[in-house]
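Participant: My structure is below; once you've seen it, I'll send some questions.
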Amino acid sequence: MRVKEIFESMEYGPAPEASGEALAWIAGFGGRFGCFIDGTFRAPGETFETRNPASGAVLAEVTQATAEDVDAAVAAARAAQGKWQALGGKGRARVLYAIARLCQKNARLMAVLETLDCGKPIREARDADLPLVARHFYYHAGMAQLFEEEMPGREAIGVCGQVIPWNFPLLMLAWKVAPALAAGNTVVLKPAEWTSLSALLFADICRQAGLPKGVLNIVTGDGIVGERVVVHEGVDKVAFTGSTEVGRKIRRATAGQGKALTLELGGKSPFIVFEDADLDSAVEGLVDAIWFNGGQVCCAGSRLLVQEGVAERFLAKVKARMATLRVGDPLDKGIDLGAIVDPVQLARIRALVEASGGAVFQPCDLPEGCYYGPTLITGLESSDRLMQEEIFGPVLVSTTFRTPAEAVQLANDTRYGLAASVWSENINVALDIAPKLVAGVVWINGSNMFDAAAGFGGVRESGFGREGGPEGLRAYTRPAGKRKPLKPVKAMTGEPGAQAGLDRTAKFLIGGKQVRPDGGQVRPVYGRKGLAGQVGIAGRKDIRNAVEAARGAAGWAGTTAHLRAQILYYIAENLEARSAEFAARIEDLTGVKHGAREVEAAVSRLFSYGAWADKFGGDLRQVPMRGMALAVREPVGVIGALCPEEAPLLGLVSLMAPAIAMGNRVVLVTGEAAPLVAGDFCQVLETSDVPGGVVNILSGPHAELAPVLAAHMDVDAVWSFSGGDVSAVIEAESAGSLKRTWVNDGYATDWDAFEGRDVLEQASEVKTVWVPYGA
Ligand code: NAI
């Protein structure tokens, strides 16, 4: 093409990035890779091909790791962990810093290898993925340096098993490896089978950085290898990014293993354009939201919601812009959309679009091969399959709304809750909408902004846990030191009929009212001098009623922290006024002598959480761009909690108080030994201005009620400090709606530790809100 023609057509010629260095690196291994275990590359075993999706050419052969490989990797990680942790934060910081430097120095090689292996445009690998990888290691080198100050009382969990997807192979590795190593853990990582090469190059770079042997191990292969890693008994913590379906499988497969788990899963994130938005900016934001990495992004703004008044104009602008996008050779620096990662994924996208039923707009010419052009589908209803299902390709679906309230309703009409993007020039509209969106990340007048200092992660079926920021690092730590267990109390036994004092039948507290069990069943409870009273036995229906009441009390989340504190103080006062009675009751029902101390501790705990209520709201993150990232603490929602047997009053208060302090509503199932204490406590709540439905209390067999709570679709989290063996069933049943779980991990037995940040973290979610700010 001549210069004159270029001027006339504004067409640009090809600007290919050279691939020689990356291909030479592959050739240096003879084109065949073994796993990286204990600081060395093993000889390749049984291998499979990894291809360049843009050309279909075989790039290399990669090993399908065997069970023995996974065993060896976990053993190497275990052997290396103590020494790595003992290096101290400052020692680890040096190594992480060296890794960050080497990622920068090798950025071109790494970016090209990434593009060759997964087909993403080199422009993105070079300008987005690699800078973020380096930034992640720098940030976490800093976190390691300050570890003792930033994470007081915390230590590494141990060996981490990490499984990552193919859409950001190196970046997802960085998100997982950097915090794990900073905290003093060691790692066994399995990259996605389509894109293993950059993880192997990274391992090579870690050797150069002086990372001790065994601290990072890479095992390659398919989902079978992934499963072997996550269920391995030598793995203490599992972190996964990928599809919701596999996340669910991992939740079930690891249930009851006592492993820490974080899941970063799919999304169908709304991109909301109000009629007062700067439409041209919004169009560019949209290009980034849905066509970045060909839409193969978990938080892609794949659902366009545009206000009716500007819909026609906005869609016309979007269509005009789509026609200018260039699809082609990902190594070409002028390309906007590269290849789709694999023909299997291409077929998946095609099949979904062909069955869409909407008006499909596809303006771009495509080269031969594994490509799919930018696509817009209009005229869909919110309930249509493509409005609900993750496509994971360059396909945007759209609908319109009339009012801000309708925008919120449509935005939240999804089983996911990963991200959302809001476009408006009216700051009041944007800041009014942001808190109402059910999503872990909200971008105001922006999209796809990420940083190591800002938490990223979802709610609902987008998973749980955050990556990035202090909350991300914290997920790779646990409380340091050993705990001194308290003794569980045992139920008194007695002769039926030997009633002491008044006949009392403790009722449940549901929706602010004392109610009898739905099935009418009761059982006797004994004290020192015989029958002390009766207590109802809750069943499925009672749990459902309590959850419904809790759902109905959603207004509690919107009350001020000051008001929540006031109510907690009021509960404390009313409990204190009845101290002697409660102390006697506890001693009578459990045979302990420290009833008064337990009541005093419960009063103090209520005061503590009253104090915390307005002091755990979140903070501001220093992100390297024009804007600020607010880390806002939001309530989790409805929390179902099984109370412990160790202390009937303090146990219940220790779960209830942090939950309601943060704006959650609770369904509490009392300990089984002394449920009458909770019965008395219901009266305290009734006189303390707690709105109906915020706290619901019932009693019954934990083994039967735990799975009901865990499987309930309207419960957002389940906590269990039950004396019964119910953790496994809770974790397994929670997989249905991927709700958060927090089950006995040593806390239930140590009441002093059961107060403060750890518990408040469980009672809240971080929502990261990105707001334009500054010059
Ligand atoms: P996937 O979820 O199957 O794979 C992700 C990783 O998990 C890979 O390393 C895979 O080998 C591993 N894996 C598979 N089965 C496993 C198991 N039972 N236990 C442990 N590890 C296992 O994702 P896939 O099949 O590559 O893509 C399917 C769909 O998932 C995509 O179309 C997209 O909708 C979604 N996806 C979402 C991602 C996200 O970031 N949220 C990333 C990749 C895919």
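Participant: Which residues, counting only those in the stretch 220-259, are assigned to a loop (DSSP other than H, G, I, E, B) and either touching a Phe, Trp or Tyr at 6+ places or on another chain (Cβ under 8 Å) or near the ligand (Cβ under 10 Å from one of its atoms) (or both)? Give the steps one after another, and end with the answer.
Facilitator: First, pick out the residues of the stretch 220-259 that are assigned to a loop (DSSP other than H, G, I, E, B): 220-222, 232-236, 242-243, 254-259.
Thr220, Gly221, Asp222, Gly242, Ser243, Thr254, listed by residue number.
Participant: Of everything in the stretch 372-399, what is without any contact (Cβ under 8 Å) to a residue 60 or more places away in the chain, away from the ligand (no atom under 16 Å from the Cβ) and out of contact with any Phe, Trp or Tyr (no Cβ under 9 Å at 6 or more places or on another chain)? Give them in sequence order.
Facilitator: Gly373, Gly379, Leu380, Glu381, Ser382, Ser383, Asp384
Participant: Just one of the numbered conditions (1) farther than 27 Å from Arg251 by Cα; (2) part of a helix (DSSP H, G or I); (3) not acidic (Asp, Glu) is not true of Pro152; which one?
Facilitator: Going through (1) farther than 27 Å from Arg251 by Cα; (2) part of a helix (DSSP H, G or I); (3) not acidic (Asp, Glu) one by one, Pro152 breaks only (2).
Participant: Condition test on Met449, is it hydrophobic (A, V, I, L, M, F, W, C), in contact (Cβ under 8 Å) with a residue 60 or more places away in the chain, assigned by the TED database to the domain that holds Ala420 and surrounded by fewer than 22 Cβ atoms within 10 Å (Cβ to Cβ)?
Facilitator: yes
Participant: Can you tell me which residues in the stretch 536-575 are of a type in the set (A, V, I, L, M, F, W, C), in contact with a helix residue (DSSP H, G or I) (Cβ under 8 Å, 6 or more places away or on another chain) and farther than 26 Å from Arg605 by Cα?
Facilitator: Selection gives Ala538, Ile543.
Participant: Among the residues of the stretch 498-521, is there at least one that is of a type in the set (D, E, K, R), part of a strand (DSSP E or B) and either out of contact with any strand residue (DSSP E or B) (no Cβ under 6 Å at 6 or more places or on another chain) or crowded, with 17+ Cβ neighbours inside 10 Å (or both)?
Facilitator: Yes: the stretch 498-521 contains one or more residues that are of a type in the set (D, E, K, R), part of a strand (DSSP E or B) and either out of contact with any strand residue (DSSP E or B) (no Cβ under 6 Å at 6 or more places or on another chain) or crowded, with 17+ Cβ neighbours inside 10 Å (or both).
Participant: Could you list all residues from the stretch 136-150 that are over 13 Å from Arg94 (Cβ atoms) and either surrounded by fewer than 22 Cβ atoms within 10 Å (Cβ to Cβ) or outside the structural domain of Tyr97 (by the TED database) (or both)?
Facilitator: Leu146, Glu148, Glu149, Glu150
Participant: OK, next. Determine whether Val547 is within 34 Å of the chain's Cα centre (by Cα) and assigned to a helix (DSSP H, G or I).
Facilitator: Yes.
Participant: Could you check the stretch 1-42 and list, in sequence order, the residues that are assigned to a loop (DSSP other than H, G, I, E, B), over 23 Å from Pro330 (Cβ atoms) and more than 36 Å from the chain's Cα centre (by Cα)?
Facilitator: Arg2, Gly30
Participant: Then there is this: For the stretch 176-213, which residues satisfy the criterion of being in a loop (DSSP other than H, G, I, E, B), more than 16 Å from the ligand (Cβ to nearest atom), buried (at least 24 other Cβ atoms within 10 Å of the Cβ) and small (Gly, Ala, Ser)?
Facilitator: Step one: of the stretch 176-213, the residues in a loop (DSSP other than H, G, I, E, B) are 183-185, 191-196, 210-213.
This time we only want the ones that are more than 16 Å from the ligand (Cβ to nearest atom), so: 183-185, 210-213.
Checking which are buried (at least 24 other Cβ atoms within 10 Å of the Cβ) leaves us with 183-185.
Ala183, Gly184 - these are the residues of the stretch 176-213 that are in a loop (DSSP other than H, G, I, E, B), more than 16 Å from the ligand (Cβ to nearest atom), buried (at least 24 other Cβ atoms within 10 Å of the Cβ) and small (Gly, Ala, Ser).
Participant: For the stretch 462-487, name all the residues that are within 16 Å of the ligand (Cβ to nearest atom) and assigned to a loop (DSSP other than H, G, I, E, B).
Facilitator: Selection gives Gly465, Arg466, Gly468.
Participant: OK, next. Suppose we filter the stretch 260-273 for residues that are within 13 Å of the ligand (Cβ to nearest atom) and out of contact with any Gly (no Cβ under 6 Å at 6 or more places or on another chain); how many remain?
Facilitator: 4
The values are calculated or read from the model by the stated rules, or taken from the named source; none is laboratory data. Quick caveat: nothing in here was measured; it's all calculated off a predicted structure. Glycine also receives a Cβ, built like all others from the backbone with ideal geometry; neighbour counts cover every protein chain displayed.
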